[in-house]
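Asks: Sharing a structure, written as structure tokens. Questions coming.
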């Protein structure tokens, strides 16, 4: 047997042994998202809604890229992720394994989540994925773009919003179709808006009732290099953020925006607060907590962030495989 064929055989054999181990007795392995991420916070709330405690499962604090690899090779039974719909990474996982399935949340779980967060009930329609035969009951929020009021001056905020909307057709990512003037303020409720973004939206006939953020940024001392915080490479934020940065850079003069991989929402908001980041992609739920100094931001309020624009719906997608014999989160206990 050639070395190449031997390696291939051992890989298949080892993967099968791992999957059998994961599907057997004992605690289930659940990927709940990186530390200090909104996925992590949402995962804990979801598991709490089923009265699943830390001792009931093995937690893996992975970004979706690593989590998907774990689901594929059998190291992880369930991955809880917040993604766009349909998510290319989920489609790729199914193409590799052939037996991916999404878990629905119970109505009681959805009610608990709605009562304790800004997430709302959401239905993933049957056929969204080729493997999905029925509707999936879950929760969703909104991905939004927040800007640092100490570095994003009024005119730059105007241009960022304008280019996001008017040049969205240059963005090849599937979620870019959500960046429209009709969707512009979705997810902005209870968030201060950047005055530049407000000016652009009002010029387009959109009524803006948000509180207007105060800026210390001035166009005269604008930085020529700025950083956009995204998420992990296996999720939606990182590739979409790269496309957004490219579109901005094609239309902005004297400003270059670089996207960077991060732990996503909570890290991006914290980095804006600490002056390490100029723009950040985030779920609107932790953004509200950040502005109010609540939740993950208790005693760590972010007072220098402002809403610039809506990006896309953020949908909780709970992913497993048929081989795990898991049909509900109730099967974890």
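Asks: Relative to the present Cα-Cα distance, how much length would full extension add between residue 44 and residue 333 at 0.36 nm per residue of separation? All intermediate terms of the calculation are to be shown ahead of the outcome.
Replies: Details: separation 289, 0.36 × 289 = 104.04 nm, distance 1.48 nm.
Result: 102.6 nm gained on full extension.
Asks: Listing 27, 79, 232 from the residue with the fewest other Cβ atoms within 10 Å to the one with the most, what is the order? Mind dumping the intermediate values first?
Replies: Details: 27 13, 79 28, 232 24.
Neighbour counts put them in this order, fewest first: 27, 232, 79.
Asks: For the Cα atoms of the chain, what angle does the longest principal axis make with the long axis of helix 38-49, in degrees from 0 to 90, nearest 10?
Replies: With rounding to tens, the tilt is 50 degrees.
Asks: With Rg and the Kirkwood Rh both taken from Cα atoms, where does Rg over Rh land for the chain? Write down the numbers at each step before the final one.
Replies: Values: Rg = 20.8 Å, Rh = 20.6 Å.
Taking Rh as the inverse mean 1/r over Cα pairs, Rg/Rh reads 1.01.
Asks: Something else about it: Quick check: the angle from helix 64-73's long axis to the longest principal axis of the chain, C-alpha only, nearest 10 degrees?
Replies: 10
Asks: Percent of alpha carbon pairs in segment 87-142 separated by more than 19 Å? Before the final figure, lay out each step's value.
Replies: Working: 565 of 1540 pairs.
Roughly 37 percent, rounded to a whole number.
Asks: Related question: Let me see the P(r) profile for segment 142-313: every Cα-Cα distance counted, bins of 10 Å, each bin given as a percent of all pairs.
Replies: Taking every Cα pair in segment 142-313, the percentages come to 11, 45, 38, 6, 0.
Asks: Within segment 205-239, whose backbone N sits under 20 Å from a point 7 Å along Cα→Cβ of residue 292?
Replies: Label zone hits: 209-214.
Asks: I would also like to ask the following. Which whole-number percent gives the relative contact order of segment 142-313, counting Cα pairs below 8 Å spaced six or more residues apart? Walk me through the intermediate numbers first.
Replies: On the way: 381 pairs, mean separation 64.1, N = 172.
Relative CO of segment 142-313 lands at 37 percent.
Asks: Also, quick follow-up: So what is the relative contact order of the chain, in percent, for Cα pairs below 8 Å that sit 6 or more residues apart? Mind dumping the intermediate values first?
Replies: On the way: 701 pairs, mean separation 85.3, N = 333.
About 26 percent, as a whole number.
Asks: Separate question: Please report, in whole Å³, the volume per residue of the convex hull around the C-alpha atoms of segment 246-333. Numbers along the way, then the final one.
Replies: Values: hull volume 14.1 nm³, N = 88.
Spread over its residues, the Cα hull of segment 246-333 gives 160 Å³ apiece.
Asks: Just to verify a number: FRET efficiency for residue 303 and residue 177, C-beta to C-beta distance, R0 = 41 Å, to 0.05?
Replies: Values: r = 33 Å, r/R0 = 0.81.
So, using R0 = 41 Å, E works out to roughly 0.80.
Asks: Oh, and also: By how many degrees, 0 to 90 and rounded to 10, does the Cα axis of helix 3-23 deviate from the longest principal axis of the chain?
Replies: Value to nearest ten degrees: 90.
Asks: May I ask you to work out the translational diffusion coefficient for segment 30-166 at 37 °C, viscosity 0.692 mPa s, via Stokes-Einstein with Rh from the Kirkwood sum over Cα pairs, reported in whole µm²/s? Mind dumping the intermediate values first?
Replies: Numbers: Rh = 16.9 Å.
Estimated via Stokes-Einstein, D reaches 194 µm²/s.
Asks: Please order 281, 164 by the number of other Cβ within 10 Å, starting at the fewest.
Replies: Details: 281 27, 164 24.
Starting with the residue having the fewest Cβ neighbours, the order is 164, 281.
Asks: What spacing in nm lies between the two simple spin-label points modelled at residue 276 and residue 322, each 7 Å away from Cα in the Cβ direction?
Replies: 4.4
Values in this text are rule-based calculations from the coordinates and carry no lab data. Just so it is clear, the model here is predicted, and its values are computed rather than measured. No Cβ is skipped: glycine too gets one built from the backbone with ideal geometry, and neighbour counts run over all protein chains shown.
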